[in-house]
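This report concerns only the one structure given below.
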Amino acid sequence: MKKLISTAIAIFIVATAMAQGIKFNLIVNAQPPAQLSEWGNRREVLMLIVTGQPGAPGGDQFKIKTEIKTTDGTIIASADLAKTPVFTLNSTGAPTILLANDVMPLEFMVFTGKYKTSLERTGKLPAGNYIICARPVTITDYIPLGEEQCKNFYLASTQLPILMKPYNEEVLDAKKAQTAIIFRWSPVVPTQPSPVTYRIQVFEVLPTQSPVQALRSNQPLLDKEVLAATQFIWQPQLSFLPYDEETKKLPTFIWTIQSLDASHNPVTQTDGSGEGRSEPIIFFVNPDKNKIPKKTN
Amino acid sequence: MIRKKIITSSFFLCMFVATSFAQEIPDSSLLNKVKDKAKEKLNISGTMGITYEGYGLSRKPSGWTGYQPRRPWNQVRFNFTPTFKFSKNFSLPFNFNFAAIPTNFAGPYAGIKKPTFGQFITNPMNSFGLNPKYKWAELQLGTQYLKYSELSTGDIGVFGIGFDLRPKTFLFKFFTGVSQQGINYVAGPPVVTGAYKRRNWMAQIGTEKEGKYLFALNFAKGKDVPTSAAPPPLTIRPQEGIVISLVSDLYLEKGFYFKAEGAQSTFTKDLATPLSPNIKSLKPFIEAHTSTLTDYAGQLAVGKKGKNLDLGVMIKYLGAGFQTIGYPFLQSDRLDYTLNTRINAWKNKMNIVASLGQRVNNVKNTALRAKQFIGNLNWFTQFSESFSLNVNYNNFGFQTASGLNPFGIKNVSNDLGINPTFTFTGKKIIHLLSLSYNYSKYDERDVMTGLTTSNNTHTGVLTYVPTYLEKEISPDFSVLYFYNNVPGAKITLATLSAALSMQAAKKKMRLRGQLQYTLGKLNSFNSNNNLIASCNIDFKLTKKLTWATFLTTNYFKYGNEITPNGANYVETGCRTGFQYRFDTKKQK
């Protein structure tokens, strides 16, 4: 018992001494990307600023002990300190800035239960509120070098819009379509911190092209940015080609929505093509309702 | 420079081949007899052509840029798709479709202006495919758009080499190549997004009897080369992915069918992330990084197809981490189920097509699960020779929690369309009168206040088409009224249009002209005006050579709803091209 007490006192003394030598500040974005591997690519997501004078008791080197908890305090992930990297205080006394890859190296983080399964299958944790805690520790016996700092964050997988109207393979009457076509889509979920810019693009599919090939090749007939709204009325101002008696193909179009954040970057850069583009769908314009056209291209 | 070379060389190639086909062979010498015999065995059929597209835009007042060009100023497209049939068992089809000027706006080639040769041939706007086939063995060379299944690969063109072997009922397929070249990021303007060079591999082993069954194992892999772009793209990550799927189709008697596919994908979202011992690798195919995911997908369709009744159920599940290189725009994390039906009744005078289903997004995260209801109905009835009625109804509803906001997202779209058509037949003329009314309602809930705003649209169209039984002209006329009302904005559009099509030059020429005028009004601003004129001329120069031209012009003048007041623009478009169809067998 005496030994235990004396060890605890020793730890307290060292920690207090080190705390005077090392100061640190944890900054975490309140709504970081849901894809945890993406944290390392964005400087603004997580930052740990460590300052201290070299020669402090415990040495100039330290490791970061990181834990992720649910709001009820259950630890769902912790850093494997035997494997995490060692950091050295800046010899000039200038602050050392550590980013997500240093503080939360995913290759050395051990996740538990359903969180581990979720991360392996989706790269994300289930949507909800979490707490990330970090503190520097000594490199051999992991004695804390100061108080733990914790920050709350909210994780939610960003879902790109689903295209609603015209629905996939809808055949529009040319008489109506040449005056106005209504486009509708669902909003980005969850609601983003700043209004989303929806860039709507419509491409003509040429008879020799597949729809996705047309999207990746052609100049869009419509390329319009709509702020925060999920409907757009397009006046195409086009003369649709007449029904082709030989190929029996209808004029075909493919449309998609690209969702952009306030900096004009895709709202999600890790899903699908990385361009924040929703799954495109096609629609046809039938210039002659009396003809039975071949829809496929 | 490359563009010029391509245009010039392709033009001469087209002309040379066209001339060769057009030439008649004198049949007096022995050599010609041999040639004739060879020609009997060799059959060449297909098409080739060249099309020019021109676009013009004039905006006023000068310096105003409120309207952007929407087509390339100039474009030349070529197609050359002959099939050389050397014997009953040996054929050599070509599929060359390419354009002189890159116009990519989305995807890896977005913004590229001066491609290298490698970038030119792998650009999705160009295809250079060659598929020599001997009996059941096909060699695949150049650009190929191969669809193995719904969950493995199908949307991407790959330039490379492979084969498709089908001995008896067996299937052995393999293809490897490059689907995109490395493209350096350019800050612009114009911005070039940039891309990493992507190598692709795909294979299929299985057994198939057309119309009876298919059972196959698919494998598709793609891997980016992280060093292939310098500077690299800013927002795109180098990726690697593999998908393995098992597909099974069964077509039974009496029209019953069963189609199923199960797939597993292992996908690394960022090859720059460190290797991870915590995640299972699928060696030797893929080594796990911290951004590697492994997830599943499956789809099942069961139903019956008949003469008067189709009934089918389709279920599709895509796990949140399911991703495949072969379908780059696939939206994962969803469960779709739909019931589809088609009914023909009343001696085929009544036709009903309907589908009902639901799409659930964010399946894994119940807190933000989004549900989308889908319902479509199209009901057509031919009551008599002179009267038919078409009714359609579409409903899309989207509902989900919205994260930290007090109210969830709820958007509901309803569309109802009624379209009666009357036909009156006279001695010399048939009158067709078609009325169409569509009501569209779109409700959106504000996530902060919980208030729902309604967006209502009414569209009415009246069309009159007289068909002259003894004349070669076919006119049609229509009037349209469109009204959209949303809090803060009211849009009214009224359109008058007339078209006339006719044949000329001993039926060798088909002409069609259209004129359309639209008067538009936004709130209480002055009206805007739009006039569109277009003309099609299809001229059959010879039995095999056609010349098709499409000319259009569009004038739009704003009211005072934008600054500068009275701004206007004129767009002009021209598409003209020659198509030569050939078939040496039919020529004889």
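The values are calculated or read from the model by the stated rules, or taken from the named source; none is laboratory data. Owing to the predicted nature of the structure, the values given are computational and were not obtained by experimental measurement. We place every Cβ from the backbone using ideal geometry, glycine too, and count neighbours over all the protein chains shown.
Worth pointing out:
- Criterion violated by B:Met125 - all others in (1) in a loop (DSSP other than H, G, I, E, B); (2) on the phi > 0 side of the Ramachandran plot; (3) crowded, with 18+ Cβ neighbours inside 10 Å satisfied: (2)
- Qualifying positions in the range B:101-114 - within 21 Å of the chain's Cα centre (by Cα) and of a type in the set (A, V, I, L, M): B:Ile101, B:Ala106, B:Ala110
- Scanning the range B:125-162 for residues that are free of Cβ contacts under 8 Å to residues at least 40 places away in the same chain and under 18 Å from the mean Cα position of the chain (by Cα) returns B:Met125, B:Asn126, B:Ser127, B:Gln144, B:Tyr145, B:Lys147, B:Gly157.
- Per-region count, the range B:140-160, residues hydroxyl-bearing (Ser, Thr, Tyr) and in a loop (DSSP other than H, G, I, E, B): 3
- Subset tally (residues that are part of a strand (DSSP E or B), touching a residue at least 40 places away in the same chain (Cβ under 8 Å) and closer than 30 Å to B:Leu146 by Cβ) for the range B:183-204: 7
- Qualifying residue in the range B:245-267 (condition: touching a helix residue (DSSP H, G or I) at 6+ places or on another chain (Cβ under 8 Å), within 14 Å of chain A (Cβ to nearest Cβ) and either among the acidic types (Asp, Glu) or touching a residue at least 24 places away in the same chain (Cβ under 8 Å) (or both)): no
- Whichever residue in the range B:417-429 is within 11 Å of chain A (Cβ to nearest Cβ) and of a type outside the set (Gly, Ala, Ser) and, among such residues, is nearest to B:Gly375 (Cα to Cα): B:Asn419
- Residue in the range A:97-112 that is free of Cβ contacts under 8 Å to residues at least 40 places away in the same chain and farther than 29 Å from B:Arg237 by Cβ present: no
- Subset of the range B:546-587 [of a type in the set (D, E, K, R) and within 9 Å of chain A (Cβ to nearest Cβ)]: B:Glu571, B:Arg575
- Of the strands (runs of 3 or more DSSP E) that lie entirely inside the range A:161-272, those containing 1 or more residues that are more than 7 Å from chain B (Cβ to nearest Cβ) and under 28 Å from B:Gly450 (Cα atoms) span A:163-165, A:181-185, A:197-205, A:222-227, A:231-234, A:252-260.
- Those residues of the range B:296-332 which are out of contact with any strand residue (DSSP E or B) (no Cβ under 6 Å at 6 or more places or on another chain) and among the charged types (D, E, K, R), in sequence order: B:Lys305, B:Lys307
- Failed item in (1) surrounded by fewer than 22 Cβ atoms within 10 Å (Cβ to Cβ); (2) at pLDDT 95 or above; (3) under 19 Å from A:Gly274 (Cα atoms), with B:Leu165 passing the rest: (3)
- Scan of the range A:32-88 for residues that are modelled with pLDDT of 90 or more, assigned to a strand (DSSP E or B) and of a type in the set (S, T, N, Q), ordered by number: A:Thr66, A:Thr70, A:Ser78
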